[in-house]
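The values are calculated or read from the model by the stated rules, or taken from the named source; none is laboratory data. Note that the structure is a prediction, hence the values are computed from the model and not measured. Positions of Cβ are generated from backbone atoms using ideal geometry, with glycine treated the same way; all protein chains shown enter the neighbour counts. To get the accessible areas, we keep the full protein, side chains included, count just its heavy atoms, and leave off ligands, DNA and RNA. Shrake-Rupley method; radii C 1.70, N 1.55, O 1.52, S 1.80 Å.
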Amino acid sequence: MVKCDDDERVCFKYYNENDEHEFIETPTYEQAAIIIYNLILCSEFHCDTTILSALYMGMRKLQGFSDKDIQNLMKLN
């Protein structure tokens, strides 16, 4: 899960399933996609739709979706 650290203003950190802060030096593509997805869902993360769309596209790309699949998912065609 991704959470905003109250002690360090506007600092988002990754927490594992035990709710412990975890640093992953080299995340796998699947871990990176999960982290991006969790960031998108974080209620404290606010950005415009351009950034949200880019994050969504990046997440899907890391999961192995083709550009055409992503376009279909986002209804861009």
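Taking 0.36 nm per residue of sequence separation and removing the Cα-Cα distance, the ASP7/ASP67 pair yields an extension gain of 17.7 nm.
Translational D (Stokes-Einstein, µm²/s) of the chain at 37 °C and 0.692 mPa s when Rh comes from the Kirkwood sum over C-alpha pairs?
Values: Rh = 13.6 Å.
The diffusion coefficient I find is 242 µm²/s.
Taking every DSSP helix (H) stretch of at least 4 residues in the chain, weighting each as -39,500 (n - 2.57) and dividing the sum by the residue count yields a mean residue ellipticity at 222 nm of -14000 deg cm²/dmol. Placing unit charges on C-beta atoms (Lys and Arg positive, Asp and Glu negative, everything else neutral), compute the dipole magnitude of the chain about its Cα centre in debye, rounded to 20. Here the chain has a charge dipole of around 600 debye. Which of GLN31, LEU73, LEU52 sits farthest toward the positive end of the charge dipole of the chain, with +1 on the Cβ of Lys and Arg and -1 on the Cβ of Asp and Glu? Sorting the options by dipole projection puts first LEU73.
Once the other residues with Cβ under 15 Å from the Cβ of LYS68 are scored (Lys, Arg +1; Asp, Glu -1), what is the net sum? Mind showing how you got there, number by number?
Values: positive: ARG60, LYS61, LYS75; negative: ASP67, ASP69.
Once all neighbours under 15 Å are counted, the net charge is +1.
Each residue of the stretch 66-71 is assigned a 3J(HN,Hα), and the resulting list reads 7, 4, 5, 4, 5, 4 Hz, derived from the Karplus form 6.51 cos²θ - 1.76 cosθ + 1.60 (θ = phi - 60°), x at Gly and Pro. Per the 1.4 Å probe, what fraction of the accessible area of the chain, in percent, lies on carbon and sulfur atoms? The nonpolar share, carbon plus sulfur, comes to 53 percent.
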